Amino acid sequence: MSSSVAAHRYAGAAVSVSAVFLSVLLALVGLGCSDGAEHAKGRLAGLTHEVALSAVGEGQPGADAGLLVGRVSSAAQAVAGAVVWLKDGSVGEPAPLTIELRAEQGGFQPSLQVAPVGSRLVVDHQGDQLQTFHLRLRDGQGGLQNLQNLVVPPGHGPAFWRLSEPGVIEVGSDARPEQRGWIYVYGTGSARITGPDGSFEFSGLAAGRYSLSFWHPQLGAAERSVEVPAAGPANLYVSLPPR
């Protein structure tokens, strides 16, 4: 869906949002309900922070049924490159992929990818020297667990690794230790990466409640659930703390 179409839907949803608006406060600690608002948890580099989430759209039967659209922002600015994971297995089992990560002078390309468990990672570089790539799995406390070191000599083709468990994998290189790449590996459902305008979309959903996870390399993680109505789209607007 183009940015202009998405913007039109957000604008149309704003009229009805006032009647069904939910304000959600996420904090690292404290999970409760107050005045009908839902609460969840969020984490930013191990520090307590707040994430304001608002939801909810009403619509009319038609092409927008089964559609979940949203936007992620921070300090009124769109957040591109945030992972949105729709976790529910009811949307179907994801098929493994082959994804490529290439080390270039300007950094890893692409720097962030999503892939289901069982996918194959292909790592290569454009340099004329041997490079060792370090794959590390982020744990729930912000630490890193070593998974594998992949050695790629110049001119000898790429190295391969099977993504066998879910989580966030951070990729680094001895040749350029300041550069990082990330792979978000998920086990069920479907995942997206927000576009330049912070938008995301899931289509073809059955009516019901869905759980979503949000993750950004600098802004951290958050959890949210949203109701997808039988008629019209559901709209989810996520505001993360400033960087």
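All of the numbers you see were taken from the coordinates with simple rules; none came from a lab. Here the structure is a predicted model, which is why all the values come from computation and not from measurement. Ideal geometry is used to build each Cβ from the backbone, glycine not excepted, and the neighbour counts take in all protein chains shown.
Listed from fewest to most Cβ neighbours within 10 Å, the set LEU130, LEU212, LEU137 follows the order LEU130, LEU137, LEU212. Given +1 at the Cβ of Lys and Arg, -1 at the Cβ of Asp and Glu and no other charges, the dipole of region 140-240 around its Cα centre is 100 debye to the nearest 20.
At a Förster radius of 25 Å, what calculated FRET efficiency corresponds to the Cβ-Cβ distance of ASN146 and ALA95, to the nearest 0.05?
Details: r = 28 Å, r/R0 = 1.13.
After rounding to 0.05, the efficiency reads 0.35.
Ranked by how many other Cβ atoms sit within 10 Å of their own Cβ, fewest first, the residues ARG209, ARG138 fall in the order ARG209, ARG138. Ordering GLY155, GLY106, VAL185 by the projection of their Cα atoms onto the charge dipole of region 98-186, which places +1 on the Cβ of Lys and Arg and -1 on the Cβ of Asp and Glu, puts VAL185 at the extreme positive end.
Before anything else, pin down the relative contact order of region 95-156: Cα pairs under 8 Å, at least 6 apart, normalised by residue count, whole percent. Present the calculation step by step, with values, prior to reporting the outcome.
Values: 97 pairs, mean separation 18.0, N = 62.
Relative contact order here is 29 percent.
Summing +1 for each Lys or Arg and -1 for each Asp or Glu, what net charge is found among the other residues whose Cβ lies under 13 Å from the Cβ of ALA115?
On the way: positive: ARG120, ARG162, ARG192; negative: GLU100, GLU165.
Local net charge: +1.
When the alpha carbon gyration tensor of region 98-186 is reduced to an equivalent ellipsoid, the three semi-axes, largest first, read 20, 14, 11 Å.
For region 181-229 versus region 105-135, the spacing of their alpha-carbon centroids is 23 Å.
A Förster distance of 51 Å, applied to the separation of the beta-carbon atoms of LEU130 and ALA231, puts the FRET efficiency at 0.30.
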